[in-house]
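Enquirer: Right, I'll just put the structure down here and ask away after.
The values are calculated or read from the model by the stated rules, or taken from the named source; none is laboratory data. Only a predicted model underlies this, so the values are computations on that prediction, with no experimental measurement involved. All Cβ positions, glycine included, derive from the backbone under ideal geometry; neighbour counts span all protein chains shown.
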Amino acid sequence: MSIFYIHQISDSAKVILKNNYESLSFAREMRTVLDENKLPLNGDAKSQFGKQLQMQEANITEVGEKEATLELEKDYDILQLPSATPAQQYQAQYDARAQLRKIEKVNMLAIVHKNERAQASVKEATLFLGFVGSFTFLVLFSFSVNFPGFIANPLRELIDGIREISQKNYNQHLNFKKNDEFAEVALAFNDMADRLNEWENTNLAKVLSEKQRIETIIEQMQDAIIGLNEKQEILFINTVAENILNISEQKIVGQSAEKFTGSNDLFKSILASNGGIKSFKIALAGKEAYFQLESREIVIPNLNPQKSDIITVASKSAGKVYILRNITEFKERDEAKTNFIATISHELKTPISSIKMSLKLLNDERVGVANPQQLELLEHIKDDSDRLLKITSELLDLSQVETGNIQLNFVVSDPVEIVDYALNSVKFNAEQKGIKLQVIAHPNLSKVHADMEKTAWVLVNFLSNALRYSPEKSKVVIQVSEKNKQVIFSVKDVGKGIDEQYQKRLFERYFQVPTDGQNKSGSGLGLAISKDFIEAQQGKIWVESAIGEGSMFCFSLPAHKMEIA
């Protein structure tokens, strides 16, 4: 309101000062007429002087201004009289100038006095506003300092109580003396704390019972089980694990695992595993036993976050569980299977070779001429015997891989020579289907330190599959390149391609991609053995394929480092 009235005073002062300013303007214009025109005044000068005088008569606002204006009118009348003598006109002009000065002086003094009064009014209003503002500020400051305490203190106590409850301190209670809304909140809070305390006490027996039941189940399991908490203290360990680790202490639960890892290498190896599956061979009772270790982290909800935690996470680690499974029986069965396959494969090679020799003799006209139907049957027998011989050879290679008896003859070889060696093996089959074999070899290829025969065998396997699934009169591209110190071999066909869901399993043993029956499927061992051969030479093997775009099988071998003498 003070600011509003200050502006109102200012506007009123402007209006009043405007009238004074106009009077000064009228007086200045009339003096200009007298200064610029000689006596007697002509008609235009008289008209202009009279017009300004008329406006001055309508703008009289100050004391003494009216009398001066009336005197000015008399002098103007004399200046207009045609009968006035020059002396009278000069005297009238002199008196008119005097009256004009009087009018200007009166208005100038009025402007000065009005401005002083306006400034005084503004100062008084400003002083009043400052006083009222200071008083209001003190009131608000006192209110802001004292009032929040009535709200903040109970809220602070409530927050502290909630934090204690979150730490399972259910004996925490709130006491507010005033009978207001906070007192009702305190009663509800105390009732909640009592109910939580009651629930905690009633469920403790159930928790202990469940704990005993879980410990009994763990003890009855045939696998060795060890549980550690986040502090690397032993939570539980069953008798099987104690026997395997050869730990004879009566009270092991609750002790630090470091106490036993110093003198127990097996226990140390188990704890050193970082998840996943790991195999162990352990001597038990004078006999070798095989175990498979699995470790899993125990993750529980983070129900008790620490006050020092900057970020509160939803879950946290509560330790690890280590399970040592006895797979000795399965290992023995696997070895028996491998030995059986190796024996049978070796035994089958001799009669199959005899069958192939007999077929070769039957095809010789010196033994006898066979009719077309017999020749067709002989051709089928030859194809099946070739297929059987290939399967037995793959089974023998597989048995070598499984027993770890892969014998590699590493020599420094030219990658192009390996490709040529493989092409000679499949050139006849390619010509029969009218398939063109195109070789793209980048210049200045590094040599590879590899087993030439087994590497060529992998390429032959790739080429055989490509020829089997490629349409007649198509093209198979064999490319050899070098990148990042790796020599890369690839075989690309234009067949139907392999669905993405089967690509991850192509290199598994005995896996075969489902076919439409037009192509004879193999044993499912070729790619698995190829993978073992390449990885045994520190290489990598992979496939790139899409339905309708064909397939590209690739493997890479480390480039041979040439030693400079």
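Enquirer: Given the options 436, 454, name the one that is out of contact with any helix residue (DSSP H, G or I) (no Cβ under 7 Å at 6 or more places or on another chain) and among the charged types (D, E, K, R). Quick ask: steps written out before the conclusion?
Expert: Values: 454 fails: out of contact with any helix residue (DSSP H, G or I) (no Cβ under 7 Å at 6 or more places or on another chain).
Only one candidate passes the filter, namely 436.
Enquirer: Let me ask another. Looking at this structure, is residue 239 farther than 22 Å from residue 318 by Cα and modelled with pLDDT of 80 or more? Walk me through it before giving the result.
Expert: Working: farther than 22 Å from residue 318 by Cα: yes; modelled with pLDDT of 80 or more: yes.
It is true that residue 239 is farther than 22 Å from residue 318 by Cα and modelled with pLDDT of 80 or more.
Enquirer: Within segment 14-37, does at least one residue satisfy the condition of being assigned to a loop (DSSP other than H, G, I, E, B) and modelled with pLDDT of 80 or more? Steps first, please.
Expert: Keep residues of segment 14-37 that are assigned to a loop (DSSP other than H, G, I, E, B), which gives 37.
Adding the requirement that they be modelled with pLDDT of 80 or more leaves 37.
Yes, segment 14-37 contains at least one residue that is assigned to a loop (DSSP other than H, G, I, E, B) and modelled with pLDDT of 80 or more.
Enquirer: While we're here: Is it the case that residue 182 is hydrophobic (A, V, I, L, M, F, W, C), closer than 26 Å to residue 197 by Cα and at pLDDT below 75?
Expert: Values: hydrophobic (A, V, I, L, M, F, W, C): yes; closer than 26 Å to residue 197 by Cα: yes; at pLDDT below 75: yes.
Against the criterion (hydrophobic (A, V, I, L, M, F, W, C), closer than 26 Å to residue 197 by Cα and at pLDDT below 75), residue 182 qualifies.
Enquirer: Please work out if residue 75 is assigned by TED's automatic domain parsing to the domain that holds residue 113 and touching an Asp or Glu at 6+ places or on another chain (Cβ under 8 Å). I'd like the intermediate steps shown before the answer.
Expert: Working: assigned by TED's automatic domain parsing to the domain that holds residue 113: yes; touching an Asp or Glu at 6+ places or on another chain (Cβ under 8 Å): yes.
So residue 75 passes the test.
Enquirer: Name the residue, out of 68, 45, 92, that is in contact (Cβ under 8 Å) with a residue 24 or more places away in the chain, assigned by TED's automatic domain parsing to the domain that holds residue 27 and either surrounded by 14 or more Cβ atoms within 10 Å (Cβ to Cβ) or within 18 Å of residue 22 (Cα to Cα) (or both).
Expert: Working: 45 fails: in contact (Cβ under 8 Å) with a residue 24 or more places away in the chain; 92 fails: in contact (Cβ under 8 Å) with a residue 24 or more places away in the chain.
Of 68, 45, 92, the one residue that is in contact (Cβ under 8 Å) with a residue 24 or more places away in the chain, assigned by TED's automatic domain parsing to the domain that holds residue 27 and either surrounded by 14 or more Cβ atoms within 10 Å (Cβ to Cβ) or within 18 Å of residue 22 (Cα to Cα) (or both) is 68.
Enquirer: Can you run down the residue pairs with Cβ atoms below 6 Å, 6 or more apart or on separate chains, where the first is in segment 200-228 and over 17 Å from residue 253 (Cα atoms) and the partner is surrounded by 11 or more Cβ atoms within 10 Å (Cβ to Cβ) and at pLDDT 75 or above?
Expert: Listed by first residue and then by second, the contacts come to 223/323; 223/325.
Enquirer: Output yes when any residue across segment 437-446 is surrounded by fewer than 20 Cβ atoms within 10 Å (Cβ to Cβ), in contact with a Lys or Arg (Cβ under 8 Å, 6 or more places away or on another chain) and among the β-branched types (Val, Ile, Thr), and no when none is.
Expert: No, there is no match, as no residue in segment 437-446 is surrounded by fewer than 20 Cβ atoms within 10 Å (Cβ to Cβ), in contact with a Lys or Arg (Cβ under 8 Å, 6 or more places away or on another chain) and among the β-branched types (Val, Ile, Thr).
Enquirer: Among the listed residues 462, 489, identify the single one that is within 23 Å of residue 513 (Cβ to Cβ), assigned to a strand (DSSP E or B) and in the same structural domain as residue 533 (by TED's automatic domain parsing).
Expert: The conditions single out 489.
Residues checked against (1) modelled with pLDDT of 80 or more; (2) part of a helix (DSSP H, G or I):
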position: 106; (1), (2): yes, yes
position: 120; (1), (2): no, yes
position: 126; (1), (2): yes, yes
position: 137; (1), (2): yes, yes
position: 149; (1), (2): no, yes
position: 152; (1), (2): no, yes
position: 169; (1), (2): no, no
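Enquirer: Further question: Could you list, in sequence order, the residues of segment 187-237 that are over 27 Å from residue 271 (Cβ atoms) and of a type in the set (Gly, Ala, Ser)?
Expert: 188, 193, 205, 209, listed by residue number.
Enquirer: Kindly provide the set of residues from segment 487-542 that are among the hydroxyl-bearing types (Ser, Thr, Tyr) and modelled with pLDDT under 80, ordered by number. Please lay out each step first, then the result.
Expert: From segment 487-542, those among the hydroxyl-bearing types (Ser, Thr, Tyr) are 490, 502, 510, 515, 521, 523, 530; that's our starting set.
Those that are among the hydroxyl-bearing types (Ser, Thr, Tyr) and modelled with pLDDT under 80: 510, 515, 521, 523.
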